[in-house]
Ligand code: AMP
C-alpha cells in the first residue's frame, strides 16, 4: 500500500492483493453489481423454519445457536470498570427468548413498539433482539437525550412499553411520567432494591427469571414492522422512520460488501444503538454473519480504544469521523501499526471524513479508513469505499451492488432532472427497492411521500459524482445539524429555548468544528427587561442541557437584538450561518424589515 504525500491533492490509495489477508467479499465490482439481485442475497439467509417467513432475530441469533455454533462468542461486552463478559450464540438465544416471553406475558404483541433507552449494556442487546423475536418493534432512544426528546418520541410512537435503567428512569423519565399517557409498562434494569422507590415499574431481571428460556418465533412476514428509528428534520416533530424484517437481507449483504465481514471476524462497531448505525451494524448485521462483536460500555477514550483494538484482536473496526479526529489529536506518538496485527479493515460513517483522516489511518493502523455513506431512512450502507478497491480520500465511495444512485436537480414542484455530467453538484438520490429502505414515517404519510420525486428517493444531501462513479459529499440541502455524528433538528432546539421566560426569538445553526464536524450554536433575542449578560447566557445553556440532554443542547449561545426572518416569519438560519462564517449573505430580498 502506498502512502500518499499530504498536500492539497490527495492521490488514491492503491490496493494490491497484499492488502487483503483474507479474500474480500467483493472482488470484482462491475461483475458483482451486474450479477447481484436482492432475491439471491436473501437466499444467503435461512428464513424461519417451515417457511414461516423472515425474522431478524432468527437470522442474527437462533440460526447460529445450533450445534457447535452455540458455543461461539456472539457478544463480548467490556464494562466501564474493566470487566469482560462473553455471550455465546447459545446464551443469546436463551436470554432473548426470555425477554420475548416477558413481553408476551405482559400482553405486548406484534407491531407494538418497545422503547429501549440504556447505555451499551448487555440488557440493551437482549431487549433489542428479544423484541424482534416477539414480532414487536425495537425503538431505541439515545441515553444522552433529555426529557424533552424522550417525551416527544414516546408520544409519536404511542409506546406502551419502555425498558430503561433505574438511573435513567430516575433522572429523565420519572419527572415526566405524567406526560407519557401511553406508557403502560416500564421494565427497569437494576437491582430490586434500587427500584423499590418507584411506583408503576417492574423489575426486568425478576420477570426474566420467571419465564421459560425457550421461545418459538411466531410467523413473521418480511414486511412486518421491526425497527423504529427517530431522526430529525428541519421543521416539525422528530420523524419515526419505520423499517421491516426484510431489512435484514440488506444488513447482511451490505456488511459483507462494505465492511467486508467474514464469519471468523472480531468486529467492533463503536456506534451507540440509540442511533441507526449502532442497531444495523452494532447489533444486527455482525450477528447475521455469526461472528464475534465487541461492545464497549465506556465512552470514547483514546488509550482505552487502542488497548481494546490490540487486546481483543479486532479485525474490522467501524467508527465515526469525530472519533477518528479525536484519535488523531493524540498525534503520531500514539500510533503504532505493529500493535494491531489482527486489524485488516477500517471503516467510517456518519459525517464527512476528511482526506487527512483517511490517510492518517495508514500511518496509525497500517490501513486507510474506508468512508461509507447512508442514513436512518436507508437502513443500511448505500455508498462505500470497498476493501478491494483503491480508496479516494475525501470520497464516500461507490454505490453498493443492488443500489442505483444518481445526482438530481429539483426542477419545480414534484419534478427533478437527473444530472449526468460528472463533477456536477446536485442532490443525492436513490432508486427505491432495497430491503432496508424505510417504509414510512410513523403517522406522517405526507412527509414520507415528499421524499419521493420522479421515481427517486431524495436524500436531502448534496453531492457530486466524478467520472469514475465515486460520490463526493458536498453538504446538506436543508438546515439539519450533524454534531459528533448525531443528526439534530434546529427546530427542536429552538422550541426548547423559546420556553425559557427570557427568550423572544431563537435561531439555531450548525457551526463548523474541527473535531465534531459541527456544534450546535443558538442565536437568541431576549424579551424586554432581560439583560444579555454572561449569567443569562450560562443559565440558558444549562436550561437547554437539562431539557434536551447533552447530545442535543447548544454549546454556544449568542445574543442578538433580533433574529433575521423572512416575510413569512420563518427564521433565516442560512443567513445566520453565512453571518457566522463571514460568507456572502446571498439574496436577502425576502428578509423581514426589522
Ligand atoms: P443519520 O440519519 O443520523 O444516520 O444521518 C444521515 C446523514 O449523515 C446523511 O444524510 C449525511 O448528511 C450524513 N452522513 C452520513 N454518512 C456520511 C458520509 N460518509 N459523509 C458525509 N456525510 C455523511
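Values in this text are rule-based calculations from the coordinates and carry no lab data. Just so it is clear, the structure is predicted and the values come from calculations on it, not from any experiment. Note that each Cβ is placed from the backbone with ideal geometry, even for glycine, and that neighbours are counted across all protein chains shown.
The mean sequence separation of alpha-carbon pairs under 8 Å and at least six residues apart, normalised by the residue count of the chain, gives a relative contact order of 13 percent.
Listing 136, 79 from fewest to most neighbouring C-beta atoms within 10 Å gives 79, 136.
Per-residue ellipticity at 222 nm from helix content only, as computed over the chain with -39500 (n - 2.57) for each DSSP H run of at least four residues, stands at -7500 deg cm²/dmol. Note on the chain: the alpha carbon radius of gyration divided by the globular reference 2.2 N^0.38 Å gives 0.96. Our summary gives region 185-314 a relative contact order of 15 percent, counting only alpha carbon pairs under 8 angstrom and 6 or more residues apart.
With only the Cα atoms considered, region 308-420 has a convex hull volume of 136 Å³ per residue.
Just the number, please: Stokes-Einstein D of region 384-543 in µm²/s, Kirkwood Rh from C-alpha pairs, 37 °C, 0.692 mPa s. It diffuses with D of about 176 µm²/s by this estimate. Taking 8 Å as the Cα distance limit and 6 or more residues as the minimum spacing, I'd like the relative contact order of region 485-594 as a percentage. Here the relative contact order equals 25 percent. For region 86-136, the calculated P(r) over all alpha carbon pairs, in 10 Å bins from 0 to the bin holding the longest distance, is 29, 53, 17, 0 percent. Extension gain, residue 44-residue 167: 0.36 nm per intervening residue step, less the Cα-Cα distance, totals 40.1 nm.
Label positions at residue 192 and residue 431, each projected 7 Å from the Cα along the C-beta direction, are separated by 6.0 nm. From the alpha carbon centroid of region 234-272 to that of region 512-571 is 34 Å. In this simple spin-label model, placing a label point 7 Å from the Cα along the Cα-to-Cβ direction at both residue 33 and residue 443 gives a separation of 4.2 nm. If the segment from residue 411 to residue 299 were pulled out straight at 0.36 nm per residue, it would be longer than the present Cα-Cα gap by 35.8 nm. Put simply, region 124-243 fits an ellipsoid with semi-axes of 23, 22, 11 Å; these come from the alpha carbon gyration tensor as the roots of five times its eigenvalues, largest first. Each peptide among 548-559, 214-225 gets the average number of other Cβ atoms lying within 10 Å of its residues, and from highest to lowest they stand as 548-559, 214-225. Once you divide the Cα radius of gyration of region 240-377 by 2.2 N^0.38 Å, the number left is 1.01. Extension gain for residue 421 to residue 558 (0.36 nm times residue separation, less C-alpha to C-alpha distance): 45.1 nm. For the Cα trace of region 457-594, dividing Rg by the Kirkwood Rh returns an Rg/Rh value of 1.01. When the convex hull of its Cα atoms is viewed from all sides, region 1-140 shows a mean projected area of 14.2 nm². Relative to its residue count, region 36-299 spans a Cα convex hull of 133 Å³ per residue.
In this label model, residue 73 and residue 570 are separated by 5.3 nm, measuring between points 7 Å along each Cα→Cβ vector. Both radii come from the Cα set of region 404-476: Rg as radius of gyration, Rh as Kirkwood radius; their ratio Rg/Rh reads 0.99. Residue ranges 414-426, 461-473, 156-168 sort as 156-168, 461-473, 414-426 when ordered by packing (mean number of other C-beta atoms within 10 Å per residue, highest first).
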